[in-house]
Amino acid sequence: MLAAQAAPDPNTAVARLCAEIDAAFDAADACAALPFGTRVRAALQRAAADPHGRYAIAALVWEPGQASPVHGHRTWCGYAVIEGTLAETLFRWDADAHDAVEVRRHPRAAGAVSYVDARRGAIHRFGNPADASSRAISLRVYSVAGSQIATHINDLLAA
């Protein structure tokens with residue numbers, strides 16, 4: 001006999017987002033005045049950033065051959081691989097040479113999750129290998145306000 005699963009917490013950002021997208025479908029079916037796309041954009045905007053500026057969520061789509069630069073983080077960062085397999089290369093900071101030195105590489109398949117604190121002790125590069133047969137998608141959570149997601153996250157480093 002299978003145990004019943006608890007209903008998802010309706011207060012989580014993902015649960016609210018799903019409920020709002022469901023409502024957008026219902027409204028579209030009822031020929032509502034507010035267009036479906038406008039409702040979805042508004043739902044995403046509410047879900048993607050904390051109104052208190054504590055975190056922002058980003059989904060990154062990686063086509064075959066796309067990769068991030070070598071970087072550490074100015075903020076904490078958590079990620080989950082949602083689709084495909086990404087390659088992660090880890091580095092250590094060499095203060096004498098003033099660059100990042102590769103330590104190891106490993107695949108991060110769908111379902112992989114990780115968290116790193118803000119520091120040069122967590123230097124890495126992510127990418128979808130050039131020989132991959134399809135895109136990969138990762139979901140990221142950063143400890144910055146949504147308005148700072150493009151400017152206050154990465155500490156780009158020479159490797």
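None of the figures in this text is laboratory data; all of them are computed from the coordinates on show. As the structure is a computational prediction, the values presented were derived from the model and not from experiment. Neighbour counts run over all protein chains shown; Cβ positions are idealised from the backbone, glycine included.
Could you tell me whether any residue of region 34-49 is surrounded by 15 or more Cβ atoms within 10 Å (Cβ to Cβ), among the hydrophobic types (A, V, I, L, M, F, W, C) and assigned to a strand (DSSP E or B)?
Yes, that holds for at least one residue.
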The residue from Val61, Val101, Val116 that alone is of a type outside the set (Phe, Trp, Tyr) and farther than 17 Å from Leu139 by Cβ is Val101
Counting only residues in region 50-66 that are under 11 Å from the mean Cα position of the chain (by Cα) and surrounded by 15 or more Cβ atoms within 10 Å (Cβ to Cβ), the one nearest to Thr85 (Cα to Cα) is identified as Leu60
Reported set for region 73-110 where residues are among the acidic types (Asp, Glu) and more than 13 Å from the chain's Cα centre (by Cα) is Glu88, Asp94, Asp96, Asp99, Glu102
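The rows are residues; the columns are (1) over 13 Å from Tyr79 (Cβ atoms); (2) touching a residue at least 60 places away in the same chain (Cβ under 8 Å); (3) of a type in the set (Asp, Glu); (4) buried (at least 18 other Cβ atoms within 10 Å of the Cβ).
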{"position": "Ala100", "(1), (2), (3), (4)": "yes, no, no, yes"}
{"position": "Arg105", "(1), (2), (3), (4)": "yes, no, no, no"}
{"position": "Ile123", "(1), (2), (3), (4)": "yes, no, no, yes"}
{"position": "Ala132", "(1), (2), (3), (4)": "yes, yes, no, yes"}
Over region 77-96, the set of residues among the acidic types (Asp, Glu) and in contact with a Phe, Trp or Tyr (Cβ under 9 Å, 6 or more places away or on another chain) is Glu88
